[in-house]
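Okay, so here's the structure we're looking at.
The values are calculated or read from the model by the stated rules, or taken from the named source; none is laboratory data. Nothing here was measured: the structure is a model prediction, and the numbers come from that model. Cβ placement follows ideal geometry from the backbone for every residue including glycine, while neighbour counts extend to all protein chains displayed.
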Amino acid sequence: MEHSINKVELLGRVGADPRTGQTEDGRKVINFSLATGEVLKTSSGELREETTWHRIVAWEGKELTVTDFEKVKKGSRLAVTGRIRTNTYEKDGQQRYTQEIIAQTLKNA
């Protein structure tokens, strides 16, 4: 089997305060959006900024603690590392896909 890597590194700003939850066994989870941007040159030579929004999911566990979750506040600048997960669902008879980042580290930047 061929070796592959699923790793993402993002540096951006938190779009809104996180939504928090907890599993039946007490494990905490937060969900939040992270905006990243890049400057692009248009065909006419103008510079414009393009923003990409990322859905981030962070689970309390061996890699992340509740203390890490306290760093996540609207407007805060964060460095996030993790992996991409694709989810599928059906809506109106059509197969739909969403992607989210499962965070492994959260650091103030």
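Could you please find all residues in region 52-63 being more than 14 Å from the chain's Cα centre (by Cα) and surrounded by 10 or more Cβ atoms within 10 Å (Cβ to Cβ)?
Once the filter is applied, which keeps residues that are more than 14 Å from the chain's Cα centre (by Cα) and surrounded by 10 or more Cβ atoms within 10 Å (Cβ to Cβ), region 52-63 yields GLU60, GLY61, GLU63.
Within region 40-75, being touching a Gly at 6+ places or on another chain (Cβ under 9 Å) and either among the hydroxyl-bearing types (Ser, Thr, Tyr) or not in a loop (DSSP other than H, G, I, E, B) (or both) holds for GLU49, GLU50, THR51, THR52, TRP53, HIS54, ILE56, VAL57, ALA58. Tell me, which residue of region 98-109 that is of a type outside the set (Gly, Ala, Ser) and surrounded by 13 or more Cβ atoms within 10 Å (Cβ to Cβ) is farthest from TRP59 (Cα to Cα)? Step by step, filter region 98-109, then rank; the result is GLU100. Among residues of region 64-97 being over 23 Å from ALA35 (Cβ atoms) and among the acidic types (Asp, Glu), the one that is surrounded by the most Cβ atoms within 10 Å (Cβ to Cβ) is GLU90.
Determine whether ARG13 is under 16 Å from ILE101 (Cβ atoms) and touching an Asp or Glu at 6+ places or on another chain (Cβ under 7 Å). Criteria not met by ARG13.
Residue by residue through region 1-10, note down the ones that are exposed (fewer than 13 other Cβ atoms within 10 Å of the Cβ) and either assigned to a strand (DSSP E or B) or in contact with a Leu (Cβ under 8 Å, 6 or more places away or on another chain) (or both).
Taking region 1-10 first, the residues exposed (fewer than 13 other Cβ atoms within 10 Å of the Cβ) are 1-7, 9.
Selection gives GLU9 alone.
Out of everything in region 21-48 that is among the β-branched types (Val, Ile, Thr) and exposed (fewer than 14 other Cβ atoms within 10 Å of the Cβ), what residue ends up being nearest to PHE69 (Cα to Cα)? Talk me through it step by step, then tell me what you get.
At the first step, the residues of region 21-48 found to be among the β-branched types (Val, Ile, Thr) are 23, 29-30, 36, 39, 42.
Remaining after also requiring exposed (fewer than 14 other Cβ atoms within 10 Å of the Cβ): 23, 39, 42.
On the way: THR23: 16, VAL39: 30, THR42: 38 Å.
Checked region 21-48; the qualifying residue nearest to PHE69 (Cα to Cα) is THR23.
What do you reckon, is ALA35 in contact with an Asp or Glu (Cβ under 8 Å, 6 or more places away or on another chain) and either at pLDDT below 90 or of a type in the set (Gly, Ala, Ser) (or both)? No.
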